[in-house]
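Novice: Take this structure, written in structure tokens, and hold onto it; I'll ask about it next.
Bear in mind that the values in this text are calculations on the coordinates, not laboratory data. Remember, predicted model here, so these are calculated numbers, not experimental data. Cβ placement follows ideal geometry from the backbone for every residue including glycine, while neighbour counts extend to all protein chains displayed.
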Amino acid sequence: MQLISTKQELLAVVEACKQQKKSIGLVPTMGALHEGHASLVSRSVRENDVTFVSVFVNPTQFNNKEDLAKYPRNVQADADLLASLGADFMFAPTPEEMYSAEEMSNTFSFDFAGLDQVMEGKMRPGHFNGVVQVVSRLFYLVQPDRAYFGEKDFQQLCIIHHMVERSSLKGTFGNLQIVDCPIFRGANGLALSSRNARLSEEEKETAVNISRALFMSHAWAKAHTVKEVEQMVIDTINSIPGLEVEYYEIVDATTLQPTDTFTNAVGCVTVYCGPVRLIDNIKY
């Protein structure tokens, strides 16, 4: 596997792949890779001639500087894992390589058609501006045929689809396909996340109650209203010492707006486990 740290080198490698008519898969990550990321990379390796994985903790999507500082980083461990999975290239730039000083200081602007006004967007103003900024930059640089994203970040995935659909009308990203990949869970049901590295072993056991409540809600949905299910999930999780729900909302899976039906619905939750903010979701 080849490690790339500059845009210039990345563009040269991509051009060589294009000239050889190789299909390109891209897995954008912020590092601290785990089995969930590994499943995305493995799928890309199976479905493409070459696979690029970006490892970049994007500062423009953090509205909390303390959260940015504490985000887990281990580039060498990430490189070792990617090599073992058969990835071809790891792109690990610095913020200064990715952005100009002006881009770092000015908010990126994008029309989200309201997708950013709810849930994560409401709680983390500017977060999705940063997400679209870095993902679009990676798409321009790598020019992938397919890009792989996990469904754990459901709202983010909806916004990326929206960005690509809008851009495809102008031919910006060619025939790029966004590949949705199922949530990867541990044997106990906990959704894998880089932030889990900040949890103690006891907190990891506590955090399992998040997915348990979501699984329970799926059964509840057969005999209760949306509002009743929402309240059950909130009350169940909040009853566990060490857990505190920030929000749980059942929304339309396409528009992300509140819904009163379980048709095409997804329940999205954010929970604090001690100081660590965790997200999860379930489809109804």
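Novice: When the Karplus curve 6.51 cos²θ - 1.76 cosθ + 1.60 is applied with θ = phi - 60°, which whole-Hz ³J(HN,Hα) does each residue of the range 101-106 get, with x for Gly and Pro?
Specialist: These are the phi-based 3J(HN,Hα) values: 4, 5, 5, 5, 9, 10 Hz.
Novice: Return the distance in nm (one decimal) between the two label points of a simple spin-label model at ASN264 and ASP180, each offset 7 Å from Cα along Cα→Cβ.
Specialist: 1.1
Novice: Cα gyration tensor of the chain, axes a ≥ b ≥ c as square roots of the eigenvalues: rounded (a/c below 1.5), prolate (a/b > b/c) or oblate?
Specialist: Note, shape of the chain comes out prolate.
Novice: Place +1 on the Cβ of every Lys and Arg and -1 on the Cβ of every Asp and Glu in the range 2-181, take the dipole about the Cα centre, and give the residue among THR6, GLN20, ASN58 whose Cα lies farthest towards its positive end.
Specialist: GLN20
Novice: At most 16 other C-beta atoms within 10 Å and a DSSP loop state: those are the exposed trypsin sites (Lys or Arg not before Pro) I care about. Give me the longest piece of the chain that has none.
Specialist: Counting at most 16 other Cβ atoms within 10 Å as exposed, the longest clean stretch of the chain is 74-169.
Novice: Please tell me the relative contact order of the range 194-283 in percent, rounded to the nearest whole number, where contacts are Cα pairs under 8 Å and at least six residues apart.
Specialist: Answer for the range 194-283 is 28 percent.
Novice: Calculate for the chain the 222 nm mean residue ellipticity that helices alone would give, adding -39,500 (n - 2.57) per DSSP H run of length 4 or more and normalising by residue count, nearest 500 deg cm²/dmol.
Specialist: Helix-only estimate at 222 nm: -13000 deg cm²/dmol.
Novice: Around GLN20, under 15 Å between beta carbons, what's the net of Lys plus Arg minus Asp minus Glu among the other residues?
Specialist: -1
Novice: While we're looking at this one, here's another question. Please check: in the Gaussian network model of the chain (C-alpha springs, under 10 Å), which one of PHE149, PHE91, PHE112 has the largest mean-square fluctuation.
Specialist: Top of the fluctuation ranking is PHE112.
Novice: Only Cα pairs within less than 10 Å get springs; with that Gaussian network setup on the chain, which residue of GLY242, GLY150, GLY25 has the largest fluctuation?
Specialist: Its mean-square fluctuation being the largest, the pick is GLY242.
Novice: Right, another one. What nm value, rounded to one decimal, do you get for the distance between ASN238 and GLU102 when each label is placed 7 Å out toward the C-beta?
Specialist: Here the answer is 4.8 nm between the modelled labels.
Novice: Assuming a ≥ b ≥ c are the square roots of the Cα gyration tensor eigenvalues, decide whether the range 145-284 counts as rounded (a/c under 1.5), prolate (otherwise, with a/b larger than b/c) or oblate.
Specialist: Oblate, because a/c is 1.5 or more while a/b does not exceed b/c.
Novice: Using 0.36 nm per residue of separation minus the Cα-Cα distance, give me the extension gain between HIS224 and GLN76 in nm, one decimal.
Specialist: 48.4 nm
Novice: List every residue whose amide H lies under 5 Å from the amide H of MET30, counting only residues 5 or more places away in sequence or on a different chain, with H placed 1.01 Å from N in the peptide plane.
Specialist: Hits under the 5 Å cutoff: PHE56.
Novice: Then there is this: Measuring from label point to label point, each 7 Å out along Cα→Cβ, what is the SER200 to ASN63 span in nm?
Specialist: Once both label points are built, they end up 3.0 nm from each other.
Novice: With a length cut of 27 Å (Cα positions projected on each helix's long axis) and a Kyte-Doolittle mean of at least -1.0, go through the chain and give me the DSSP H helices that pass.
Specialist: The qualifying helices are 201-220.
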